[in-house]
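Quick notes on the structure that follows.
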Amino acid sequence: MSSPRLKEYVEGCLESGTCEAVVVDLDTCPAMDSTFMGTLAGLAGRLMEREGRLAIVGLSDRNRDSLVDLGLDAILEMENEDGASEWSNDLEAIRNGLKDWDGARDGAAAAEEVLEAHRKLCEVDDRNHKKFDAVLDVLEKEVSARQAG
């Protein structure tokens with residue numbers, strides 16, 4: 001799943017008032033980039049504002065370490081290291097009901113989403129500024145240039 005699709009889905013649920021919990025299954029995801037993790041951070045915040053929650057299941061050691069390294073374990077519900085979660089019994093049925101999505105975003109919208117995702121990572125944990133300040137600078141310039149042109 002892509003960051004824009006996940007964001008679109010959760011925002012749709014929030015708008016309809018049908019969103020108490022969102023479960024993101026990373027079982028087939030070998031690694032996450034910072035944009036995706038920033039999107040998770042932003043969505044977790046939006047859900048918490050409405051007393052909802054964002055749960056992560058199917059975590060590999062690498063993905064768990066990445067989330068913890070960026071401080072996201074403070075705002076995400078993550079399954080136990082043994083894979084146990086309240087969603088464990090339902091995962092197979094949920095996975096079987098999923099459909100592929102092939103949507104795309106234009107360049108300007110994508111740049112803005114990447115910028116927003118990295119800003120969220122810095123909001124979650126101040127230590128992330130060291131990791132992403134240079135990225136933020138480049139992205140801010142790119143977004144400004146796209147908006148001006």
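The values are calculated or read from the model by the stated rules, or taken from the named source; none is laboratory data. This one's a predicted model, so the numbers in the text were calculated from it and none came from an experiment. Cβ placement follows ideal geometry from the backbone for every residue including glycine, while neighbour counts extend to all protein chains displayed.
Below is a table of values for the structure above.
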| read-out | value |
| --- | --- |
| Boolean, Thr35 is of a type outside the set (Gly, Ala, Ser), in contact with a His (Cβ under 8 Å, 6 or more places away or on another chain) and closer than 26 Å to Lys131 by Cβ | yes |
| Every residue from the stretch 6-32 that is among the β-branched types (Val, Ile, Thr) and out of contact with any helix residue (DSSP H, G or I) (no Cβ under 8 Å at 6 or more places or on another chain) | Thr18, Thr28 |
| Ala31 being over 18 Å from Glu116 (Cβ atoms) and modelled with pLDDT of 90 or more | yes |
| Residue count for the stretch 8-43, restricted to those that are exposed (fewer than 15 other Cβ atoms within 10 Å of the Cβ) and either out of contact with any strand residue (DSSP E or B) (no Cβ under 7 Å at 6 or more places or on another chain) or at positive phi (or both) | 13 |
| Asp137 vs. criteria at pLDDT 85 or above and not in a helix (DSSP H, G or I) | no |
| Residue match in the stretch 81-91 (condition: closer than 20 Å to Glu113 by Cβ, aromatic (Phe, Trp, Tyr) and touching a residue at least 12 places away in the same chain (Cβ under 8 Å)) | no |
| Residue in the stretch 117-140 that is of a type in the set (Gly, Ala, Ser) and touching a residue at least 12 places away in the same chain (Cβ under 8 Å) present | yes |
| Breaking point among (1) touching a helix residue (DSSP H, G or I) at 6+ places or on another chain (Cβ under 9 Å); (2) crowded, with 17+ Cβ neighbours inside 10 Å; (3) not hydroxyl-bearing (Ser, Thr, Tyr), for Ala55 | (1) |
